[in-house]
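Participant: The structure under discussion is supplied below as structure tokens; questions concerning it will follow.
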Amino acid sequence: EFMTALLTSERDNTDKIVEYVNEAAHMGIKVLPPDINESDILFKVKDQNTIRFGLLAVKNVGRGAAESIVQARKNNTFKSLEDICLHIDLRLANKKVLEALIKCGALDQFGMPRAQMFAALDIILESASKTQKEKAKGQISFFDQSFEENGFKNYENNLPQVKEWPEPQLLAFEKEMIGFYITGHPLARYAKQLKRFASTSTSTLHNHKDQDEIKIVGLIAKIKQTTTRAKQEKMAILKLEDLEGFVEALVFPRAYQKVSRYIHPSTVVMVRGNLNLKEDTPKILVNDLFPFDEIYKLITGLNLNLSGVRENTFESLKELLVSSRGNIPIYLHLDTPTKTRTHIVVGENFYVSPSEQLIQEIEDLLGEEKLSLVI
């Protein structure tokens, strides 16, 4: 109840909503996305471990539209997009409102791809509007009533056959309508790589000292292009988002000249820079910035700890290294019986070209804790 009240009180403040949703997750409380048949006007408690997103917190859904939807479903739950259009007040919950609800996933329970609902909306709205007007005039015939009850079955086969939007587009629309990613995150598929390449995350920045050099991987959520006051040189202020929150990254002129070609909205990047903890919120002073797609090119070596690894594993490791020959050295670390650690550089014929596949295969063979990257 308390977290629900917090979310409701900050429904127009995206940063606060993200903060409270993450905090709820840490408390074992899940915040479910908007649902046309379950969401009330405001956030609501579904059960002891679940909060349901409120319709009014969806962009482009005003109070009148939200009230119209909740009122229209009092007698029966909606069974389809057509059913919604027939029973809501289309003057209040118009095309813009319905597009927002489709984009944020509030109509997913109908089993139709969001892209298809979006493409079919004009046809459905036109028919529903005509039916509503005729009904208001008392001109609905027996056939029309049957037509309404059957949910537009007469023409449903003529609706546009459209494939679902790609996942990045689905998530981008969710963020556009809700202000953040709720059913998934563009970085989720990079979770393993984040652990390998990032030295910290937005939630652990305060564990570092001022001016510490850090590596962080994030999505460029916002870009502000500006110039310095003194020399009017180009620079940028970025809002970086990872799986745990946001941080501001300042790209001053010297770094900007080097990395500006990589600065694009919704791009996943690795940032190397110095942490500034002098103000209330941490900031990163960027030294380097790389697109995540090119991150494996930054690896200058692979450390493999072979302590405790069985001898019969060495042959399999050798085959992996030979199958991915390149210019990057492999450093082997071994604990000897005298409790000293020996470091060995493999021969050049075992140097590799690092890739996600190679690193994954080495981890599968030796264990994740046995491999570390030199960047």
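Participant: Calculate how many DSSP beta bridges within the range 300-375 are antiparallel, expressed in % of all such bridges and rounded to the nearest 5.
Facilitator: If I count the DSSP bridges inside the range 300-375, around 75 percent turn out antiparallel.
Participant: Also, quick follow-up: Using a cut-off of 13 Å between beta-carbons, work out the net charge of the residues near Leu365 (Lys and Arg +1, Asp and Glu -1, Leu365 not included).
Facilitator: Net charge in that neighbourhood comes out at -4.
Participant: Each label point is 7 Å from the Cα along the Cα-to-Cβ direction; what then is the distance between the points at Asp12 and Lys96, in nm?
Facilitator: Computed distance between label sites Asp12 and Lys96 equals 1.6 nm.
Participant: Looking at (i) 214; (ii) 225; (iii) 156, which value of volume of the Cα convex hull per residue in Å³ comes from a calculation on the structure shown?
Facilitator: For volume of the Cα convex hull per residue in Å³, the calculated option is (i).
Participant: Something else: State in Å² the accessible area per residue of the chain; use a 1.4 Å probe, count heavy atoms of protein chains only, and round to the nearest integer.
Facilitator: Per residue, the chain has an accessible area of 54 Å².
Participant: What net charge is computed for the residues neighbouring Leu298, neighbours being all others with C-beta under 15 Å from the C-beta of Leu298, Lys and Arg scored +1, Asp and Glu -1?
Facilitator: 0
Participant: Among Arg341, Arg52, Arg73, which one shows the biggest mean-square fluctuation in a GNM of the chain, springs joining Cα atoms closer than 10 Å?
Facilitator: Arg341
Participant: Under a 5 Å amide H to amide H cut-off, with H placed in plane at 1.01 Å, what residues pair with Ala198 once short-range neighbours are removed?
Facilitator: Here the answer is none, since no amide H 5 or more places off falls under 5 Å of that of Ala198.
Participant: If you don't mind, there's one more thing I want to ask. Among the lysines, which have Cα under 27 Å from the Cα of Lys234 when same-chain residues fewer than 8 positions away are ignored?
Facilitator: The reachable lysines, counting only those whose Cα sits under 27 Å from Lys234, are Lys215, Lys222, Lys224, Lys258, Lys278, Lys283.
Participant: Take the solvent-accessible surface of the protein heavy atoms, probe 1.4 Å, and return the percent of it on the range 256-346 that carbon and sulfur atoms account for.
Facilitator: Whole-percent figure for carbon plus sulfur exposure: 49.
Participant: Compute a Gaussian network model of the chain, connecting alpha carbons closer than 10 Å, and tell me which residue from Glu315, Glu294, Glu174 fluctuates the most.
Facilitator: Ranking Glu315, Glu294, Glu174 by mean-square fluctuation puts Glu315 first.
Participant: Defining a contact as two alpha carbons under 8 Å apart and six or more residues distant in sequence, what relative contact order in percent does the range 307-375 show?
Facilitator: 34 percent
Participant: Over the chain, with a Gaussian network built from C-alpha contacts below 10 Å, which listed residue (Pro291, Pro33, Pro166) shows the highest mean-square fluctuation?
Facilitator: Pro166
Participant: Solvent-accessible area of Leu170, probe 1.4 Å, all protein chains present, reported in Å² to the nearest ten, please.
Facilitator: That residue has around 30 Å² of solvent-accessible surface.
Participant: Tabulate in residue order the Karplus-calculated ³J(HN,Hα) for the range 210-222, using 6.51 cos²θ - 1.76 cosθ + 1.60 with θ = phi - 60°, rounded to whole Hz; enter x for Gly and Pro.
Facilitator: Each residue of the range 210-222 in turn: 4, 6, 4, 7, 10, 10, 9, 10, x, 9, 6, 8, 8 Hz.
Participant: Mind listing the phi-derived Karplus ³J(HN,Hα) values for the range 245-255, rounded to whole Hz, using 6.51, -1.76 and 1.60 with θ = phi - 60°, and x for any glycine or proline?
Facilitator: Computed from phi, the couplings for the range 245-255 are x, 10, 8, 8, 10, 9, 10, 6, x, 4, 5 Hz.
The values are calculated or read from the model by the stated rules, or taken from the named source; none is laboratory data. These figures come from a predicted structure and were not determined experimentally. A quick note on method: Cβ atoms are made from the backbone with ideal geometry, for glycine too, and the neighbour counts reach across all protein chains shown. Heavy atoms of the whole protein, side chains included, go into the accessibility calculation; ligands, DNA and RNA do not. Shrake-Rupley method; radii C 1.70, N 1.55, O 1.52, S 1.80 Å.
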